[in-house]
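Written below as structure tokens is the structure these notes are about.
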Amino acid sequence: MAIMIKSPAEIEKMRISGKALRQVHNAIAPHVVPGASTMDLERVAVAKIAELRALPAFKGYHGYPFALCTSVNNEVVHGMPNVKRILKEGDILSIDCGVIIDGYYSDAAVTYPIGKVSPATEKLLKVTQASLEAAIQKCLVGGRLGDISAAVQDICEAQGFGVVRDFVGHGIGKAMHEDPQVPNFGSAGKGPRLKAGMVLAIEPMINAGGPEVRVLADGWTAVTVDGSYSAHFEHTVAITKDGPQVLTR
Ligand code: MF3
Ligand code: CO
């Protein structure tokens, strides 16, 4: 499948979707505190998405039952909101959400520390977020997809972290997942050329330990094989002649 090129008018629609998604994340953030359950956060998200007249992009996707993915500590991605999952000081929580407005998708994730976390965990979050920012800066017309992948891999592996291979970022637009796949590992200068009008969801998933993950018996929750903590940050980014535009900022 070819990589879809969006017109400036389509990118404006995706910007509206991305802006709404940021409002959803902003509404959730103050509720991410010790004692909250991950289902409390799902409820905040569902209410905010409805208020914004958006649709939750994840709900119903291959049967996924929630608007949010809430992944705690050693959970990498696709953790499910649960009334019994109570956040406590020292945990980390990744919140992944997508919305649809006027047929256009946006997708973004952030990992929060719950209260005070260990210095090693703080570093995991900082480095993962920095790798996303570096990857965004590689979203340049004339560059290559591998530039994005290599930026994440180089930064995270230099710190001894494990770059997850089993899940990747993706093109996004009128569907949540479009071509191309956007791996968090690869070689600069390789892969498809980046063109104005491409929109990518870039989403480093980085483990404090090894890169291996497995999926639990619930069919969704991906966890680190070695039990190490895992961080996930994601933005939806448009490539334009004026440079990268983060639609979910
Ligand atoms: N944000 C995820 C992605 O980029 C989607 C979560 S899968 C779902 O692939 F089932 F929760 F939708
Ligand atoms: Co995504």
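What follows is calculated from the coordinates using simple rules that are stated; it is not laboratory data. Keep in mind that this is a model prediction, so the values were computed, not measured. When we count neighbours, we look across all protein chains shown, and the Cβ atoms used for this are built from the backbone with ideal geometry, even at glycine.
Laid out as a table, the results:
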{"quantity": "Near pairs, Cβ below 9 angstrom, 6+ apart or cross-chain, from the range 227-249 (over 18 Å from VAL141 (Cβ atoms) and free of Cβ contacts under 8 Å to residues at least 12 places away in the same chain) to any residue that is in a strand (DSSP E or B) and of a type in the set (Lys, Arg)", "calculated": "none"}
{"quantity": "Candidates ASP107, ASP179, ASP166, filtered to the one that is under 24 Å from ALA9 (Cα atoms), touching a strand residue (DSSP E or B) at 6+ places or on another chain (Cβ under 9 Å) and either within 13 Å of ligand 1 (Cβ to nearest atom) or of a type in the set (Gly, Ala, Ser) (or both)", "calculated": "ASP107"}
{"quantity": "Filtered residue count, the range 200-209, keeping only those that are more than 14 Å from ligand 2 (Cβ to nearest atom) and of a type outside the set (A, V, I, L, M)", "calculated": "2"}
{"quantity": "Selected residue (criterion: nearest to ligand 1 (Cβ to nearest atom)) from residues of the range 64-98 that are over 13 Å from the mean Cα position of the chain (by Cα) and part of a strand (DSSP E or B)", "calculated": "GLU75"}
{"quantity": "Top-ranked residue in the range 69-95 [being over 15 Å from GLY227 (Cβ atoms) and among the charged types (D, E, K, R); ranked as surrounded by the fewest Cβ atoms within 10 Å (Cβ to Cβ)]", "calculated": "LYS84"}
{"quantity": "Tally, over the range 49-61, of residues that are part of a loop (DSSP other than H, G, I, E, B), touching a residue at least 24 places away in the same chain (Cβ under 8 Å) and under 20 Å from TRP220 (Cβ atoms)", "calculated": "2"}
{"quantity": "Selected residue [over 26 Å from GLU89 (Cβ atoms), surrounded by 21 or more Cβ atoms within 10 Å (Cβ to Cβ) and in contact with a Cys (Cβ under 9 Å, 6 or more places away or on another chain)] from ILE155, ILE172, ILE148", "calculated": "ILE148"}
{"quantity": "Residue under evaluation VAL46, criteria (1) free of Cβ contacts under 8 Å to residues at least 24 places away in the same chain; (2) surrounded by fewer than 16 Cβ atoms within 10 Å (Cβ to Cβ); (3) within 16 Å of ligand 1 (Cβ to nearest atom), criterion not met", "calculated": "(2)"}
{"quantity": "Some residue of the range 193-214 being among the polar types (S, T, N, Q) and either in contact with a His (Cβ under 9 Å, 6 or more places away or on another chain) or surrounded by fewer than 20 Cβ atoms within 10 Å (Cβ to Cβ) (or both)", "calculated": "no"}
{"quantity": "Selected residue (only one of ALA120, ALA27 is at negative phi, surrounded by fewer than 16 Cβ atoms within 10 Å (Cβ to Cβ) and among the hydrophobic types (A, V, I, L, M, F, W, C))", "calculated": "ALA120"}
